[in-house]
Structure formats: C-alpha cells, structure tokens
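Quick notes on the structure that follows.
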Amino acid sequence: MLEFPVWNVGGVGHGWMIGIIATLHVYVSHFAIGGGLFLALTEHYAVKRNDLPVLEYLRGHSNFFMLLTTVFGAMGGVGIWFVVGNANPSAISSLIHNFMFFWAIEWVVFLVEIAFAFLYYYSWGKVSQKFHLQLAWWYFGISALSLVIINGILTFMLTPGKWIETGNIWDAFFNPSYFPSLVLRMVIMASIAGVFAIVTSSRIKVDELRHRMLHYSAKWLIPSFFLMPFIMYWYFTTLPENVASLVQSGIDNIGAGNLSVLTRLLLLTMLLSVTIYVVSLIGPYFNPDKFSFGFSILILILGLVVTGATESMREMVRKPYVVYDYLYSNGVLKSVAADSSNYGIMKHNKWISEKEITSTNQKVVGEKIFRIQCQSCHTATGYRSMKDLARGWNREFIYNRLASLTATGLMPPFMGNDPERRAVAEYIGDIVKAPPLVAETTK
Amino acid sequence: MNEILPIPSPDPIAVPGDIGLILFLLYLTFFIHVVLMNVMLGGIFLTFVSELVSRLTKDGAVRENHIHLAEKMGHILPFSVSLTVTFGIAPLLFVQSIYGQFFYTSSVLMATIWLSVVLLIVIGYYSLYAYTRGFEKWANRRYLFMGLSFVMFATIAFIYTNNLTLMQTPQKWLEIYTRTNGSGWHWNMDEATLIPRYLHFLFSSFAVAGLLVTILGVREADVNRSGFMKKWGGLWFVVATLANVAVGFAFYFAIPEGPRAIFGGSEHLNFTIAHIMFFVGLVCISLTAFGKVKPAVTWIGVVATFVGIAEKIVARDHLRQAYLKEVNWTLDGLKTNPQTDVILLFFAFLIVGTGAMVWGIVKLRKELKAHATK
Amino acid sequence: MSEKGHVPTKRDFMRTVFTGGFMVWIGAFLYPVYRYLKPRIEEDTANAVQSAVVGKKEDFDKIPSRLIKFGSKPVLVIKTDAGEIVALFATCKHLGCTVNYVPEKKHIFCGCHGGTYDINGKNIGGPPPSPLDRLKVTIQGDDVVVSRA
Amino acid sequence: MSEEIANKNMDDPNIAFLPKSVRERYDLGWIIAFFKHKQVPVHKYSVWYYMGGISLFLFLVQIATGVLLMVHYNTGQPHASVQAIMSQVDFGWLIRSTHSWSANLMVLAVFVHMFSVFFMKSYKYPREATWLTGFLLLCLCLGFGFSGYLLPWDQLAYFATQIGIKTNEALPFMGGFIADMLRGGKELGTQTIERFYALHVWVLPAMFFGVLGLHLAFVQLQGIHAPKFFEDLPPEKKKYMKFFPDFAIKDVYVWLLVMNFLGLMAVMFPWELGAEADPLAPAPAGIKPEWYFLAMFQALKLFPAHVGPIEGELVGILLFSIVGGLWVAIPFIDSKNAPAWRSRATFYFGIAFLVGFIFFTMWGHYSE
C-alpha cells in the first residue's frame, strides 16, 4: 500500500521499538497463563495437605502476580497494538480486517480473565477454600483460552497457509503452525511460571518454607527442558522455508545472507535456556539454602533474553514478509509488488511534498522514499544501517543493487521508477560517502 | 476518493462484518468505556480534592467525611482503571476496522505522543495502587500518588482528544508531516475544537464521578455520611454539568459550519432528547442532594443521564462522519464481507463470558456472606 | 551413599534427571567443537565427477541460463548473446554463496553481499576478490558437455 | 597406602561423593577439608571477590578456544585461514568470536579485579607478592592482546600493530632493538606473524601459567584479605562464608552468567574480519589500537613533538614508566607501618589513575 506516513524514530529502528515492547509483553503474558496454573495446582496441593504456610506464600505470590499481569501484562498487549499501528499500519490493518471478530472474542475472554483475576485475589481468606480453588482453576482455564485464540492470529502471520488462495478466515486461523505453536507456548509458560515463582520464593523470610518453595518452583522448569527440543522440531517442520538449510548456512558461514542470525539466535536460545535449567537445578532445587534473591533476578533476566531471542527468531524466519506471501515488511502487498519498476512511489504516496524530482531536491526526496520503503527494517546510521550494509559501494552499484533487492530472499522489491530509484541511490551514496557520479551518468 | 489529500486507500481486505452491526458494537462498548472512564478520571480528581480538603480544613467532621470518602474511592478506582482500559480495547478495535485509514494516519503523525499513552497508564495505574495499598503507611504523602495519577490520566485524555480530532481533518496532515519530519511529535493545538472538546469530556467526568458519589451516598447506611456524600456528589454533578453547558456552546461554535449543519438537520432529534435527559438528570440529582427524596428519584436521574450520554456518543460519531464527508468519504464506500460464523461465535462467547462473570460474582457474594457468618 | 536393596527415591530420580540434563548441556557445548574439528571431506578431484552432460544445445535457446549440480557443486551454464556457452562454478569467491545469473543485466549476481561478475565470470563489482572458476564446455553432437578444465 | 588411611578415607564425609575405587587409593580428603576450612569474609564489598574468579574463567575459555583456533590457523596464510575459519569451517565464526570477546572481557575483568584489590587495600603486608604477580599477569594479558590482535592480518590489525611497535621504537638505547626483535626485521611483515604467533601460543601462556600458579598459591596460603573496616569489627559481628561449598557455588553461578554474557556477545555481535593487510595501501583514517591501549595512545598524542631537546613521545613514555613503576611499588609505598598520609595519598593516586584511565579511553574512543 505504501500510502501511510512513516514514523521517524531515528537510529533505533522500528524493529527495536516493537521488539522491546513485544518481548516484555510476551514474557509477562505467558506468566499470566503459566502463573495461573502454578497458583491453581500449588493451591490444590496445599489445601489437600492443609499446608497453611504455603497458602500464605501463595497469597503473597498472587498479589505480585495480579499487580504484574493485570497492569503491566495487559498494558503490554495494548502497547504492542499501538506500536505496531505506528510502525506498520498496513500490517495491523490487514490483521484487523481479517481477524476483527477473533480479536473481539479475545477481548471477551480477556475481560472475563481480568474479572476472575480480581475475584480470585480479593477473595483470599474470605471464602471457602473449595470455592477459592475453583476460582483459581477458572482463571487458569480462561487465560489459557486467551492463548488459544490469539495464537491463531500470531501464527497466521508466519504461515497463512491455504488462506492465501481461499481467503477463508478459518484457514487463516487454523493455519499450519497453529498447533505446534500452541503446544510450544503452553510448555514455555510453565517454565516462565517457575522462574517467577523462584523470584517470589527467594523473598520468603522463613528458612524452611523458602527452601521448600524454591525446591518446588524449580521443578516447574524441568518439563519444558525435555519437551522443548521435540516441539521446536515439530514447529520448524511447519515453517515455510527450509529452515534446516537456513540454519546450516549460518553454522559454516556468518556472512551468507543475514539469515545466519537465525542460527545465532538458535544457539543463543539453547545456551541461555540450558543455563537457566542448570542454575535452577544447582541452586533452588538442590541447594535452596545457598540461593539468594539476587541470583533469582539474574535467572529472570536470562529468561527475558531467551524470550527476546525466540521472538526475534520468529520475526527472522518471516522475512521479507510481515504476513507471509501476502504483505511485505514495509507494507507492500505482494500482488502489487509484481510490477515494481513501473510503480511510481511518488504517485501513490502523497506524503512526499515535492511533486517532482529535480537535481536540487533529489536527495531530500530520496530520503523520504527511503523512509517510506526501507525504514521498517533499516536506518541510515543506526540499527541495520545503510552506513554498514552499503559500506564501500559506489553510487552506480547502489542504484543497480536497488533493482535486485529480492535476489537476497530477505527483502521486498524496490517500488519505484528510474528517477525515484536514482534518488534513493544518491541518498544512500551520501550516507556511505561514495564519490559523486560523473555528470553523464546522471540524467 | 480525494486525489490531492494524502489519505491512504482503505484496506484491500473487506470489513469482516455488517457496518451497522459494527457501529452498534462500537457505540455500545464505547458507551461503557466512557462511563467507566468518567468514573475513573473524575473519581481520581474528586478523591484528590477530598484529600486536599481533609488536609486544609479545620473542621474535624468534614475531615473525617472526606477521608472516609477517599478511602472508599481508593478501593474502587484501581478496578475502574482496569475496566476502562479493557472496555477501551473493543471500541478501538471497531473504530479501526471502519475508520482505519484515518485513524492510523493520525496516530502515526503523533506516534511518539500516542505511544506514550501506554507508559502513562502504567504509571497512573501503579500510583493508584500505591495510594490504596499505602493508605495507612503513607498517610501524609498518599495524596501525591492521587495527584500524579490524575496528571497521568488527564494527559492521556488530552492525547486521545488530539488524535481523534486530528483523524477527522486530513486537510492538515501533509503540512504536519512535512513540518515534523515524521518525528511523531505533534500536538493538535491549532484545532479550534480541541480545548472545548477536551474540557467537555473532562467536566463530564467530574459530573459522572459526582453521580457515583451520590449513588454511594444513597447506598450508605450511616445517615451522617450518607448526607455528606449525597450533597458533595450532587454538588459536583450539578456544577460540572452547568459548566458543561457553557463549554458545550463553545465546542458547538468551534465546529466548522459544514459538519455543524447536522445538528440542525439529521441530529436534531437526537440532540434534543439528549438535552432533555440531562435536564431531567440535573433536576433529580439536585433533589437528591439538596432535598429529601426517595432513592427512586436518584435512579431516574442516573438513568436519564446515561441515556443522554448514549445519545451524545451516537451524535459524536455522526459528527465524525460529517467531518469526513468534507473529504468525500462516506460509509457507503466500504466493502463488507461478513464472517457470519465468527460473528455468531463472538456473540456466543459474549453470552457465555458474561454468564461466567455473573456466576462468579453471585457465587462470591453468597460465599462472602456464608464465610462472614461462620 | 545408597546401600544394597535401597529403594530408589524421588530424589534419586531427580539426580538422574539432573545428570542427564547436565550431559545434554555438555553435549551442546561439545557439538560445535566436534563440528569445528570434523574434517571436511575435501573433494577428491581425481575421483570426482570429471564431466557431465548438462542438456541439449537447443535447450539453451529458450532459457539462456541454468543452474546444475556438478558432482556436489553448483555450476552455472549460460548461453551468451554471441551464441557461446559458458560454464562457471556458481560459488561466489567472496564468502561462498551460490551466485545467480540476471538475464536483464547480463551479469552474474551474488545475493549475499551484492557481488557482481560479468558473463565470463570476471568480478566487476562488490566484494568478490577474484573471478569465478570456469569449466570447459564442449559440444558432442547435440549434447552440451561440461568438464573440468 | 596403609590400610588405616584407606579406612579413614572411606569414612571421610568430605569425599563421600567420590567412587570407592578412588577413595581407597588416594588420600584426597585434606584438599576438600582445606577448601572447607577456608573462609570468605561477608561484607558489602564481597561482590568484588568474584572478579578474580571471572578473570580465571575467561582465561580458561581463552585456552580452550585458542587451542581450537590453532587447528585451523595457518601462519603461512594468516588472512586466508582466518577467512576460512569465519566462512567455511563449521562454527568457526563462533569459536573466533568467542575468543575475541573473551579476550576483551578478560582484560576488562583483570582491570576491575586490580582496581577493586587496590581500593580494598588488599596489596598491603603481607600480600605484596600477590600484588606483584597480579601486575605481571596484567602485563601478560596485554601482551596476549597485542600479539593476538595481529594474527588475523587484516588492515586494522596491521596498522594498529605498526603504531604500537613504532611507539616502542622511541625508547632510548633499547627501543630500536626491541622493535626489530618484535618485527623480525625493519618492517612489519609476514615474518612478524611467526614471531607473534610463537609469543601468543607458547611463550606467553607458559609464562602466564607459572605466574598464575604463584598468584593463586599466594591467595590460598594467605587466605582472602578483608578490608580494614571488616577487620575492626568485633569478632561476633564478622560474618564469613565457607569457600567450599558456599562461595564455590556462587562462583559457579557467576561463571555461568559470564559464560552466557560471552555467548550473547559472540553470537549477536560476531567479530569482523577486515580486508587483508596491504603494507602498500595508505593507512585508513582513524586507526586506533584496542581499547586497553587507547588511554596510553590518546595521552601520548598530547605531547608536543619536542620537549626541549628530547622527543615528545619519549617524554611521554618515560612518564608512563614512572607512573607504572609507582603502581607496581604501591605495596611498598603504602607499607605496613606507613604513616596515614601516605596511605591517603596512595588512595588519591589510585583515584586519579582510574579517572585518568577512563577519561583518556573515552576521549580516545570518541575522537576522530
């Protein structure tokens, strides 16, 4: 579409803006579900054994849980919505036009979830144990339902599957990676619940209870550690590209296309998650008496970094699309992109106040076109910068390169006619301080 | 569509439901959002005022009444934030499906400010919790939390007013984008309706919060406190509503003539009913506050006010359509492709979800009673 | 430590689980090291594919270029405007990506870092330090045969 | 081994985790007992006690990755072989990036360790020798950095090394000799690589192991130093934790975290390899040495070409030598019975040194 104005965030880049908010939100919202299971199951055992100290701990933990998930978790979701709307309106518009009523359903579920979170928290000690436990299970069930729904929208972006041909909403929702992703997230959230429980447990004042709860919380990390590799493998088999070969290319060659970052993120994910597992076993599980709050915070941070790594992996695999095979990262429809060199960006995007390219405004217009088309992923001198990526290129080469962007398999085509392409090449040429073109090659 | 203005084309995917249905859902959820938002924003302000009064007054009885009210509000307000936010999501979703091309554009033009809303809510929300949780512990300083929270939410309201006025004036967009260089830092200050519109909403929130205090007064068992709350709440309602008449006129005349014409035409009936309702509300609440009447009178006033608000919400959207008609955009131009099965599923969820909440609350009240008597 | 006839407890089980996990962890570290040290089976040029038929002559009239597998290596076969058929190892001299022929521009392009070669494999732009390796092309009857030079 | 000792070993709870076959043959209980006996003071600066351990850990990483790099590195084709490591050998880029990152982090950790030791005044009697060996280790670290930096033989490495050696050449009497010995000739060339390689993988490690052994032995023999305020506490207020297992387990966490940080950096910001060094090409603009030499490099620029009859650079180097000499001699200046003013002066000298170091490094980093 390329008809929206573009928010200019300087060197940070849209990717980081979205990435930071999304990572925090994913972390906390998975905790909102896994933590629900933790509360319900732990309360179930505590009630069964009439273990009052544990119930007292749960009350404190649920206070932390409620304050974190109903405020920070909820606002994070809104934050993603806002920031994606600002950074990539075409993408959010596509999703809303497809999934509006699924989102409406998600909203109903969220509303009920929040209501039950409050009911659960504020009824501690004021109602029968049986009813309170019931509320806990209700909360968990409803929050898991919210994942069941939002998962359809999330996975759609990566694997729209048959929707591309049929346009059928159910094909979009139950897309190829729907189920592996759902199971993956269910397993992850149990371990995130464990991580947060380790944090609150390490604050318990009574030694005996602290040791017991640390030991117990650490167990929550074990299932995901063993199940994860299999589920990951299942998930990868449903992905569009041959991910295995992408990963291999990153193993032997760091330069071969930027997709080597996928391998690197995968390695990082393994390293960090295994460390979390080892630390939580050596510490909270086997030696709870030698474990302190400070180290639990470090586990928490490691968990956040893993979340960030896996989420950006998901983004990486999707390149160059935001909705695979349908909408490119910069908001260009694949169907429109077919005729890229005759597109005439200035005709379609009326946000460029200059109406014609002249030798004097060439670079200004070039910058504006760059901003519209490239800034969803690149910046001039900051994140994924032209300064680094085009270092050492001459202007003619940049000009030619812009015509063959799709050859990388990572980028959408340049949408624009010859003078527009020349204008962008001149702009980038200035960034990398390329020598000016000799007069006859410029028209 | 307009050839010169930089309005993006509508999304190539059709709107997934009947426009009338979506507008109905938009009005319904927005109505609930507005009432909750008014309770929240006005409530925070009134509580802040109560805090100040209790600090400045020398009269022990007045102080006690205000502190009691502040504590009561302190328990309600965090819920109201949560519900306001949640009920804000739905209308925002519906509005994007219909007015997306305008709404996204204006959001991008003020993106930095727009995004900061999220941070401001988090701060305002946590500071409310700090107020409630630290009511005893930080008795001397707790009013600061309430003040901070008010500043946050009042700013958010202002940002919303900026964005929603900006979205209906595409004529100004290109100039703004060129001037700000896309930095996303734009306050829509040159908009004539901005300030009156904002004050109109702000005063409404004081009025609705006053209404809430009145209702709390009616339901209060302690005669002394009940009298105080009815008077204090009613006073806020009456004063804020009267002030809104003045602001309303300013707002009305700030609207450009073209869109304004609808109030003489298609919206005339709608508008008249709304004003009659507000008048009824004003009379009933005044009687509650300053006379001795049955609770039924109060409830009539409440219902009348709510009907008035609902009418105004419909009128607000019609005004937006009138604005956009100026740039040759109408609802008729939208393609629709209703996803009937998903819509039915949505209603099923709505019914079952409401049922679940009702079950939870009813059972909770029963349990609370049973537990208390034990 | 455990005595004879000792019934395994949950804690013992957990120790096993932990040890198992720890082994996996160590393995995860050793795997890259193993891959790093594992000799790359260098192509034994004496025994490798020496020549291959890559198609009929007239195949190249319709589609001027094709990428074929020569043993385990990709080879690019292009028919030039002059009618000559050129065969080149399609491995970029920069970092070993597979290059691609761009018919509109009549040059060979590497998508990884934007290296360009002319139709004869000479490096003309971007980072590649040297030309692509050429193969010998002979016409035997109708068949186009590519062989190591 | 006598039956008696074997029996004692069998019952020693300290080594119960070892298999029976080991316990009946070797008398190992005393090692664990020694570490269990050793205590670490617990106070607000305890966190600095991890720095030495971190440095050690990073050194171990250096050995492991360094040995792996030797497998594919070829002094005959330095640049091409590193290029191959980066783009052909499986996980070669990972090993090299880890080696480079770990090297830098190790230098950083050693610096932090040194300053924390300095400000806790741990160098004082009777730990002078620990300080001296520590200083030697720092010098060896810098030597590792300097020699290792050249080995990939790219433009940056070439010119940064060129500058480094030239600076040395300014020294009177010995300067030219040292420079020639380092270069293996009058010019920096491929013969230099052989020398640097020998230094980097053989000479320096051998020296490092020896000095490190001494350094650790001193620490073990004398125990961990506690700052004065802790020593002055009444005995009942002094808190200690056992080195083993309490401190050791925390050390493990810290090492794991450092390892993750290292992995994060190596994976997300892999080390780059520039174009092959070409002695004939003009030096690219803004050549700078590695950050740990940057402060010196920047400070040297301040000196005018000539100070009186002497070359400015020489004056600078002499000045650095004096400061360095003072730094080494700290334990003897601020000695056991030194008057209070000398102790204070030492402290301010340390502050000035630290601030100056950071200031010049930043300046060097941000100047063109």
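The values are calculated or read from the model by the stated rules, or taken from the named source; none is laboratory data. What you see is a predicted model; the values in this text were computed from it and never measured. No Cβ is skipped: glycine too gets one built from the backbone with ideal geometry, and neighbour counts run over all protein chains shown. The protein model used for the area step is the full one, side chains on, heavy atoms only, and it has no ligands, DNA or RNA in it. Shrake-Rupley method; radii C 1.70, N 1.55, O 1.52, S 1.80 Å.
What the table below lists for this structure:
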| quantity | calculated |
| --- | --- |
| The listed residue being open to solvent by 30 Å² or more (accessible area, probe 1.4 Å), under 21 Å from A:L2 (Cα atoms) and not in a helix (DSSP H, G or I), out of A:K350, A:K368 | A:K350 |
| Answer residue from segment A:35-53, given it is out of contact with any Phe, Trp or Tyr (no Cβ under 8 Å at 6 or more places or on another chain) and open to solvent by less than 30 Å² (accessible area, probe 1.4 Å) and is farthest from the other protein chains (Cβ to nearest Cβ) among those | A:A46 |
| Residue tally, condition of a type outside the set (K, R) and either open to solvent by 10 Å² or more (accessible area, probe 1.4 Å) or within 18 Å of B:A111 (Cα to Cα) (or both), over segment B:209-225 | 9 |
| Tally of residues being open to solvent by less than 10 Å² (accessible area, probe 1.4 Å) and either out of contact with any Phe, Trp or Tyr (no Cβ under 7 Å at 6 or more places or on another chain) or among the hydroxyl-bearing types (S, T, Y) (or both) across segment A:169-188 | 3 |
| In segment A:1-14, residue nearest to the other protein chains (Cβ to nearest Cβ) [restricted to those that are modelled with pLDDT under 85 and in a helix (DSSP H, G or I)] | A:G10 |
| Residue under evaluation B:V15, criteria (1) within 11 Å of another protein chain (Cβ to nearest Cβ); (2) among the β-branched types (V, I, T); (3) open to solvent by 10 Å² or more (accessible area, probe 1.4 Å), criterion not met | (3) |
| Selected residue (criterion: least open to solvent (accessible area, probe 1.4 Å)) from residues of segment A:268-289 that are hydroxyl-bearing (S, T, Y), within 19 Å of A:A309 (Cα to Cα) and more than 7 Å from every other protein chain (Cβ to nearest Cβ) | A:T269 |
| Flag if A:G344 is loosely packed, with under 15 Cβ neighbours inside 10 Å, on the phi > 0 side of the Ramachandran plot and touching a helix residue (DSSP H, G or I) at 6+ places or on another chain (Cβ under 9 Å) | yes |
| Test: residue in segment D:124-135 that is surrounded by fewer than 18 Cβ atoms within 10 Å (Cβ to Cβ), part of a helix (DSSP H, G or I) and of a type in the set (V, I, T) | no |
| Given (1) open to solvent by less than 10 Å² (accessible area, probe 1.4 Å); (2) more than 10 Å from chain B (Cβ to nearest Cβ); (3) not β-branched (V, I, T), index of the condition A:E56 fails | (1) |
| A:T379 at pLDDT 85 or above and among the polar types (S, T, N, Q) | yes |
| Matching residues, segment A:191-207, being more than 14 Å from A:S62 (Cα to Cα) and buried (at least 22 other Cβ atoms within 10 Å of the Cβ) | A:S191, A:I192, A:V195, A:S202 |
| Members of segment B:161-208 found to be open to solvent by 40 Å² or more (accessible area, probe 1.4 Å) and within 14 Å of chain A (Cβ to nearest Cβ), listed by number | B:Q171, B:K172, B:L174, B:E175, B:T178, B:R179, B:N181, B:S183, B:W185 |
| Flag if D:T98 is among the polar types (S, T, N, Q), away from chain C (no Cβ under 14 Å) and touching a residue at least 40 places away in the same chain (Cβ under 8 Å) | no |
| Any hit, segment A:142-163, residues being part of a helix (DSSP H, G or I), within 10 Å of chain B (Cβ to nearest Cβ) and β-branched (V, I, T) | yes |
| Residues satisfying the stated conditions in segment A:59-94, i.e. in contact with a His (Cβ under 8 Å, 6 or more places away or on another chain), part of a helix (DSSP H, G or I) and either open to solvent by 20 Å² or more (accessible area, probe 1.4 Å) or facing chain B (nearest Cβ under 10 Å) (or both) | A:G76, A:G77, A:G79, A:I80, A:A87 |
| Among the candidates D:V82, D:V110, residue that is over 13 Å from D:A266 (Cα atoms) and within 14 Å of chain C (Cβ to nearest Cβ) | D:V82 |
| Residue list for segment A:324-341, restricted to those being within 23 Å of the chain's Cα centre (by Cα) and either surrounded by fewer than 16 Cβ atoms within 10 Å (Cβ to Cβ) or among the basic types (K, R) (or both) | A:D325, A:K334 |
| Helices (runs of 4 or more DSSP H) completely within segment D:5-79 that count 2 or more residues being more than 30 Å from D:P227 (Cβ to Cβ), at pLDDT 80 or above and open to solvent by less than 40 Å² (accessible area, probe 1.4 Å) | D:50-72 |
| Single residue of segment D:246-274 satisfying the filter (closer than 30 Å to D:Y158 by Cα, in a helix (DSSP H, G or I) and touching a Lys or Arg at 6+ places or on another chain (Cβ under 8 Å)) that is modelled with the highest pLDDT | D:V267 |
| Residues that are surrounded by 12 or more Cβ atoms within 10 Å (Cβ to Cβ) and at pLDDT below 75, drawn from segment C:19-49 | C:E43, C:A48, C:V49 |
| Some residue of segment A:402-422 being surrounded by fewer than 23 Cβ atoms within 10 Å (Cβ to Cβ), β-branched (V, I, T), under 30 Å from the mean Cα position of the chain (by Cα) and part of a loop (DSSP other than H, G, I, E, B) | no |
| In segment B:118-140, residue most open to solvent (accessible area, probe 1.4 Å) [restricted to those that are under 23 Å from the mean Cα position of the chain (by Cα) and more than 7 Å from chain A (Cβ to nearest Cβ)] | B:L119 |
| Counted residues, segment B:18-63 - those being exposed (fewer than 15 other Cβ atoms within 10 Å of the Cβ) and of a type outside the set (A, V, I, L, M) | 8 |
| Verdict on D:W93 being open to solvent by 40 Å² or more (accessible area, probe 1.4 Å) and part of a helix (DSSP H, G or I) | no |
| Some residue of segment D:172-185 being under 24 Å from D:S55 (Cβ atoms) and either touching an Asp or Glu at 6+ places or on another chain (Cβ under 6 Å) or in a helix (DSSP H, G or I) (or both) | no |
| Single condition B:F103 does not satisfy, out of (1) at pLDDT 95 or above; (2) more than 10 Å from every other protein chain (Cβ to nearest Cβ) | (2) |
| Complete set of residues in segment A:113-137 that are surrounded by 22 or more Cβ atoms within 10 Å (Cβ to Cβ), among the aromatic types (F, W, Y) and within 7 Å of chain B (Cβ to nearest Cβ) | A:F116 |
